[in-house]
There are 2 protein chains.
Amino acid sequence: MTSVVIIGFGNVGQHLFQAFEEVSGASVVQVYSRKEQLDLDDTPITNSLQDLTEADLYILAVPDDIISDFSEQLPFSNRLVVHTSGSVSMEMLSEENRKGIFYPLQTFSKDHEVNFKEIPICCEAVYEEDLELIMSLGELISDKVVQIDSEKRTRLHLAAVFVNNFTNHLYHLSDSYLKKNDIDFDLLKPLIKETAIKVQTLSPFEAQTGPAKRKDRKTINKHLELMEDREYRKLYRSLTKSISKTHGKKL
Amino acid sequence: MTSVVIIGFGNVGQHLFQAFEEVSGASVVQVYSRKEQLDLDDTPITNSLQDLTEADLYILAVPDDIISDFSEQLPFSNRLVVHTSGSVSMEMLSEENRKGIFYPLQTFSKDHEVNFKEIPICCEAVYEEDLELIMSLGELISDKVVQIDSEKRTRLHLAAVFVNNFTNHLYHLSDSYLKKNDIDFDLLKPLIKETAIKVQTLSPFEAQTGPAKRKDRKTINKHLELMEDREYRKLYRSLTKSISKTHGKKL
């Protein structure tokens with residue numbers, strides 16, 4: 001049984017806690033959170049780093065910019081401390097403890113359950129033994145546990161920004177554009193879903209369709225006329241150009 | 001029983017044929033296709049427009065740029081002829097027949113089945129009676145049939161380009177970037193799916209996360225350093241700027 005302390009109880013901390021609660025083999029022995037009136041049934045909660053209990057693993061699930069500070073403040077040494085961030089290097093953790101990474105590659109929201117089994121967990125550690133412990137723990141909750149170093153993890157995180165943050169922003173731009181023109185965004189939802197499901201089995205290169213790919217200048221010009229906002233036209237042009245380049249057609 | 005002739009048997013034509021085959025209330029009495037050796041069991045096929053049989057509705061499921069030509073070549077008049085395109089105006093159809101639109105808002109691929117019930121069908125017609133026939137036909141195969149005029153349909157199609165073509169291209173850029181760095185694109189697939197599923201219930205504005213939204217200059221700079229390709233950096237910058245603007249934060 002691996003004992004775990006979760007430090008930080010935002011979206012990632014809460015989802016991890018939930019996932020560990022549902023399996024045997026791991027036990028969350030304490031949660032650190034500054035939130036008062038948190039009720040986790042049998043799991044003790046503290047809001048003081050001084051009161052952290054002993055455990056096999058400390059998971060720092062705090063915002064990127066305070067990971068380093070938090071790890072420096074831990075009142076113990078030579079224990080295994082990991083963080084959960086995609087973009088923060090392992091080196092940012094304090095030298096006082098044994099370092100590692102436990103990065104679940106997913107977007108977590110309050111009130112939106114996710115199936116942890118499908119979430120890739122990217123692991124790293126300085127010592128082989130620690131890596132084994134981290135990966136075994138990952139395998140309790142996920143079917144996709146991989147070892148990946150800090151540089152590759154940051155590159156993966158960058159790619160995740162493209163498919164998650166940027167994609168979601170394209171959804172927002174569409175939503176906003178349709179609202180202005182009194183058209184229901186719900187009409188696009190099945191298309192949004194299908195676009196994401198298609199690339200689960202087809203490569204995005206093969207899945208590409210649309211006016212930019214087929215060099216349909218007429219439709220592209222009509223679209224440009226229908227965008228009153230300069231920013232939309234600019235993004236439309238850049239992305240259209242990038243698609244044409246990818247598919248070997250000059251516009 | 002509404003009798004239908006499908007003209008053109010590409011992705012849209014084939015998926016429509018399949019959908020009509022599965023319901024009672026509509027019957028595809030003929031398919032026009034230039035493909036030889038097509039076998040549709042009981043449905044007659046022709047490759048000559050001169051041999052088109054009589055029907056309540058003719059669905060032109062041909063590429064955008066030949067819709068107009070095809071409609072001009074039909075050897076009859078005063079019948080109901082619709083096209084299935086998102087971006088071609090109803091006016092492009094020949095004056096010889098009664099015009100209409102039957103636009104299923106989805107991306108269709110060979111060998112990838114879709115659930116037609118979920119696909120919005122956008123309808124338009126010159127005459128009220130024709131509109132009723134088109135919409136009733138749509139309701140046989142879909143739970144979401146709406147009336148929408150040509151201008152709004154084109155705007156909807158433009159928004160669809162953002163959430164489908166552009167989004168898929170972002171998937172491709174990630175795929176390509178990861179390949180170059182020897183990282184498995186499969187790791188992003190659960191995130192891609194979750195991003196699309198999240199906005200089925202949450203607005204994309206609420207769903208937004210990431211460094212651009214939280215004004216995380218450090219991560220943004222690190223990402224920019226990790227992109228060797230100028231085009232990637234340019235797109236990253238434009239989209240990051242657009243997100244910051246949307247969420248009221250200057251970078």
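The values are calculated or read from the model by the stated rules, or taken from the named source; none is laboratory data. This structure is a prediction, so every number in the text was calculated from the model and none was measured. Neighbour counts are summed over all protein chains in view; Cβ atoms, including those assigned to glycine, are modelled from backbone coordinates with ideal geometry. Surface accessibility is based on the protein's heavy atoms, side chains included, excluding ligands, DNA and RNA. Shrake-Rupley method; radii C 1.70, N 1.55, O 1.52, S 1.80 Å.
Considering only residues that are of a type in the set (D, E) and open to solvent by less than 10 Å² (accessible area, probe 1.4 Å), which ones fall in the stretch B:155-179? Selection gives nothing. Entry remark, the stretch B:77-96: residues being closer than 15 Å to B:V4 by Cα and either in a loop (DSSP other than H, G, I, E, B) or among the hydroxyl-bearing types (S, T, Y) (or both) number 2 in total.
Criterion applied to A:E139, A:E194, A:E151 was being under 29 Å from B:K218 (Cβ atoms) and among the acidic types (D, E), and the one residue passing it is A:E151. Within the stretch A:119-130, being under 14 Å from the mean Cα position of the chain (by Cα) and free of Cβ contacts under 8 Å to residues at least 12 places away in the same chain holds for no residue. Counting only residues that are within 16 Å of A:F108 (Cα to Cα) and of a type in the set (F, W, Y), the stretch B:152-207 holds 1 of them. All of (1) surrounded by 18 or more Cβ atoms within 10 Å (Cβ to Cβ); (2) more than 20 Å from B:S27 (Cα to Cα); (3) in contact with a Pro (Cβ under 7 Å, 6 or more places away or on another chain) hold for B:E124 with one exception: (3).
All told, B:T240 falls short of being of a type in the set (S, T, N, Q), buried (at least 20 other Cβ atoms within 10 Å of the Cβ), assigned to a helix (DSSP H, G or I) and facing chain A (nearest Cβ under 8 Å). Tell me which of these A:Q50 doesn't satisfy, since it passes every other one: (1) surrounded by fewer than 16 Cβ atoms within 10 Å (Cβ to Cβ); (2) closer than 25 Å to A:I119 by Cβ. So the condition that A:Q50 fails would be (2). Of all residues in the stretch B:71-94, none satisfies being of a type in the set (V, I, T), loosely packed, with under 13 Cβ neighbours inside 10 Å and within 14 Å of chain A (Cβ to nearest Cβ). Answer yes if at least one residue in the stretch A:188-195 is at the interface with another protein chain (Cβ under 7 Å from one of its Cβ atoms), touching a residue at least 24 places away in the same chain (Cβ under 8 Å), buried (at least 21 other Cβ atoms within 10 Å of the Cβ) and not hydrophobic (A, V, I, L, M, F, W, C), and no otherwise. No.
Residue-by-condition table, conditions (1) small (G, A, S); (2) more than 15 Å from the chain's Cα centre (by Cα); (3) open to solvent by 70 Å² or more (accessible area, probe 1.4 Å); (4) more than 29 Å from A:F185 (Cβ to Cβ):
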| site | (1), (2), (3), (4) |
| --- | --- |
| B:E96 | no, yes, yes, yes |
| B:T107 | no, no, no, no |
| B:K117 | no, no, yes, no |
| B:I141 | no, yes, no, no |
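Filtering the stretch A:123-176 to residues that are more than 7 Å from chain B (Cβ to nearest Cβ) and of a type in the set (S, T, N, Q) leaves A:S136, A:S142, A:Q147, A:S150, A:S176. Does A:Y177 meet the test of being over 20 Å from A:K193 (Cβ atoms) and among the aromatic types (F, W, Y)? The answer is no for A:Y177. Residues that are among the aliphatic types (A, V, I, L, M), closer than 21 Å to A:V114 by Cα and touching a strand residue (DSSP E or B) at 6+ places or on another chain (Cβ under 7 Å) occur in the stretch A:16-23; there is at least one.
If only residues of the stretch A:199-212 that are part of a helix (DSSP H, G or I) and at pLDDT 95 or above are counted, the one that is nearest to the other protein chains (Cβ to nearest Cβ) is A:P204. Counting the residues of the stretch B:216-237 that are part of a loop (DSSP other than H, G, I, E, B) and exposed (fewer than 14 other Cβ atoms within 10 Å of the Cβ) gives 2. Only residues that are closer than 17 Å to B:K110 by Cα and surrounded by 16 or more Cβ atoms within 10 Å (Cβ to Cβ) were counted across the stretch B:21-39, and they come to 1.
Checking each residue in the stretch B:127-139 for being of a type in the set (D, E) and crowded, with 17+ Cβ neighbours inside 10 Å picks out only B:D130.
Look at (1) in contact (Cβ under 8 Å) with a residue 40 or more places away in the chain; (2) touching a Cys at 6+ places or on another chain (Cβ under 7 Å) and you find that A:S87 fails only one, number (2).
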